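Worksheet: the structure to be examined is printed underneath.
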Amino acid sequence: VTFAFEAQRLAHMHQSTQVGSIVVALECLPRAMEQDVPAQIHRFKRELDEIWEIPGAQRTLLAILMPLGNAATAEGYIARLESWMHQKNDQSLAEAGVFAHVVALDSNAPIETVRHIHGIAHA
């Protein structure tokens, strides 16, 4: 609920200021869940970010809404996670079972962004 509200608010802000936001959707497969990766990723949350966790039968999706961010913000975040995973387990995110999707927040129809993320979670 907080995620959707924040997405709506940021979409409205984008319409008036032209400053966008971005979502990094992290698909966590069972091997990542066995290593407690989703809980650890929650600790990487920046102050302004909102995380929407969508549990599924075969995987969990963590959608991180990054206010006032762009593709470079998302790439930097993913690079920090990649570095952390290499330090922690000497493996890549993919080897650990984490796959990143970057989704721009649609300022005209934020509900479409939420639907897109939901679709990734239940693909």
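The values are calculated or read from the model by the stated rules, or taken from the named source; none is laboratory data. Only a predicted model underlies this, so the values are computations on that prediction, with no experimental measurement involved. Ideal geometry is used to build each Cβ from the backbone, glycine not excepted, and the neighbour counts take in all protein chains shown. Just so you know, the surface numbers come from the protein's heavy atoms only, side chains and all, with ligands and any DNA or RNA stripped out. Shrake-Rupley method; radii C 1.70, N 1.55, O 1.52, S 1.80 Å.
What the table shows:
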| quantity | calculated |
| --- | --- |
| Where a residue in segment 85-105 is farther than 30 Å from A11 by Cβ and its partner, wherever it lies, is among the basic types (K, R) and open to solvent by 50 Å² or more (accessible area, probe 1.4 Å), with Cβ under 9 Å and at least six apart | E95/R31; A96/R31; A96/K88; G97/R31 |
| Every residue from segment 106-123 that is closer than 21 Å to L29 by Cα and either in contact with a Pro (Cβ under 8 Å, 6 or more places away or on another chain) or touching a residue at least 12 places away in the same chain (Cβ under 8 Å) (or both) | V114, H116, I117, H118, I120, A121, H122 |
| Of all residues in segment 86-119 being under 28 Å from T17 (Cβ atoms) and open to solvent by 80 Å² or more (accessible area, probe 1.4 Å), the one that is farthest from the chain's Cα centre (by Cα) | N108 |
| Selection within segment 26-72 - of a type in the set (A, V, I, L, M), assigned to a strand (DSSP E or B), in contact (Cβ under 8 Å) with a residue 40 or more places away in the chain and buried (at least 20 other Cβ atoms within 10 Å of the Cβ) | L26, L61, A63, I64, L65, M66 |
| Residue that is in contact with a Ser or Thr (Cβ under 7 Å, 6 or more places away or on another chain), free of Cβ contacts under 8 Å to residues at least 60 places away in the same chain and surrounded by 12 or more Cβ atoms within 10 Å (Cβ to Cβ), where the choices are E75, E82 | E82 |
| Lone unmet requirement of (1) exposed (fewer than 13 other Cβ atoms within 10 Å of the Cβ); (2) modelled with pLDDT under 90 for A7 | (1) |
| Flag for F3 being in a helix (DSSP H, G or I) and either hydrophobic (A, V, I, L, M, F, W, C) or closer than 17 Å to G69 by Cα (or both) | yes |
| Residues located in segment 86-123, provided they are within 14 Å of R59 (Cα to Cα) and of a type in the set (G, A, S) | A94, A96, G97, A100, G119, A121, A123 |
| Residue that is most open to solvent (accessible area, probe 1.4 Å), among those in segment 14-25 that are assigned to a helix (DSSP H, G or I) and touching a Ser or Thr at 6+ places or on another chain (Cβ under 8 Å) | Q15 |
